[in-house]
Amino acid sequence: MAAMTGVGNEQLAFAGVARLAELIRAREVTPRELVELYLGRIARLNPRLNAFVSIRADQALAEADAALARLRAGQAGALLGVPVVVKDNVDIAGL
């Protein structure tokens, strides 16, 4: 994550959505970098925590790339590009 100047991975993981959105808008981090960061944490911690039932890694990365393309095209949104986790008791089409 070379684009992240002055922000460590641990700090970034707990930054909160507003700060993550700021960092994305400032181009200090990309949506893909954030997804990769969180997927790495999930891979490392989930065997012990059992917090995730379904992990949509490929889809999340594709959605991150699509968000970056939208941002580069000038689209805006308060949380555009910020990864989110959806609890497994919420219905999601296709899952």
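Brief remarks on what is shown
- Normalised by the number of residues in the chain, the average gap of Cα pairs under 8 Å and 6 or more apart makes the relative contact order 35 percent.
- Each of Arg70 and Gln11 was given a label point 7 Å from its Cα along the Cα-to-Cβ line. The distance between the two points is 2.8 nm.
- Seen through its C-alpha gyration tensor, with square-root eigenvalues sorted a ≥ b ≥ c, the chain comes out oblate because a/c lies at 1.5 or above while a/b is not bigger than b/c.
- Ellipticity estimate at 222 nm from DSSP helix runs (n ≥ 4, -39,500 (n - 2.57)) divided over the chain, nearest 500: -16000 deg cm²/dmol
- In nm, spacing of pseudo-spin labels at Leu79 and Asp91 (7 Å Cα→C-beta vector): 2.1
Values in this text are rule-based calculations from the coordinates and carry no lab data. Just so it is clear, the structure is predicted and the values come from calculations on it, not from any experiment. When we count neighbours, we look across all protein chains shown, and the Cβ atoms used for this are built from the backbone with ideal geometry, even at glycine.
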